[in-house]
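*Asks:* Below is one structure. I have some questions about it.
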Amino acid sequence: MISLLYIWLYSQSFHFHVAHLYAHFGYPSAQHIVGQRYLRGAGVIKNEEMAMHWFRRASQQDHPLASFNLAVGKLKNITGSMEVELLLDIAARQRIQEAQELLENVIRTKSKPLPTKGLGSFYKPKHVS
């Protein structure tokens, strides 16, 4: 009974810990969810560096939304050295429309730096469960 009360009162935190466990087991969807939670500070203290870490781990398993978020993080100078085009290509191949548009823009303006204001934002699903 007490555990149900805890889950009800701290559902965001509880969900984060469950997703975090599965993320450590290597599930790319869980890794993406953990990245989203760190990015937004949902159930955990907001930490963009940790968000990029988990997006990177999920993108290494070809998770399209994590690849897109990692590419956006790279363009916004949040993350390290992975190639933006490669990350966007992974997401675009999985029919993430924003990734396709951004990839086309990156290819078109390869010789010019992209303004960070026009990049849009990270992919945020309507509901992360």
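*Asks:* Mind checking the full-extension length gain between Q61 and E49? Use 0.36 nm per residue of separation minus the Cα-Cα distance, one decimal, nm. Could you put the intermediate results ahead of the total?
*Replies:* On the way: separation 12, 0.36 × 12 = 4.32 nm, distance 1.91 nm.
Extra length from Q61 to E49 when fully extended: 2.4 nm.
*Asks:* Any idea how far apart S13 and K76 come out in nm if each label point goes 7 Å out from Cα toward Cβ?
*Replies:* Calculated label separation equals 2.6 nm.
*Asks:* Counting other Cβ atoms within 10 Å, which trypsin sites (Lys or Arg not before Pro) in the stretch 28-71 have at most 14 and lie in a DSSP loop? List each step's numbers first, then the result.
*Replies:* Working: sites: R37, R40, K46, R56, R57; in loops: K46.
The qualifying sites are K46.
*Asks:* Where does each of L102, L88 land when they are ranked from fewest to most other beta-carbon atoms within 10 angstrom? Let's see the in-between values first.
*Replies:* Working: L102 25, L88 29.
Taking fewest neighbouring Cβ atoms as first place, the list is L102, L88.
*Asks:* A follow-up question, please. For F16, F25, what ranking results if the residue with the fewest other Cβ atoms within 10 Å of its Cβ goes first? Can you show the working numbers first?
*Replies:* Working: F16 19, F25 9.
Exposure proxy ranking, most exposed first: F25, F16.
*Asks:* Please compute the Kirkwood hydrodynamic radius of the stretch 9-114 from all pairs of different C-alpha atoms, in Å with one decimal.
*Replies:* Values: mean 1/r = 0.0720 Å⁻¹.
About 13.9 Å, per the Kirkwood formula over Cα pairs.
No lab work stands behind these numbers, since they all come straight from the coordinates. In this text the structure is predicted, and so the values were computed from the model without any measurement. Neighbour counts are summed over all protein chains in view; Cβ atoms, including those assigned to glycine, are modelled from backbone coordinates with ideal geometry.
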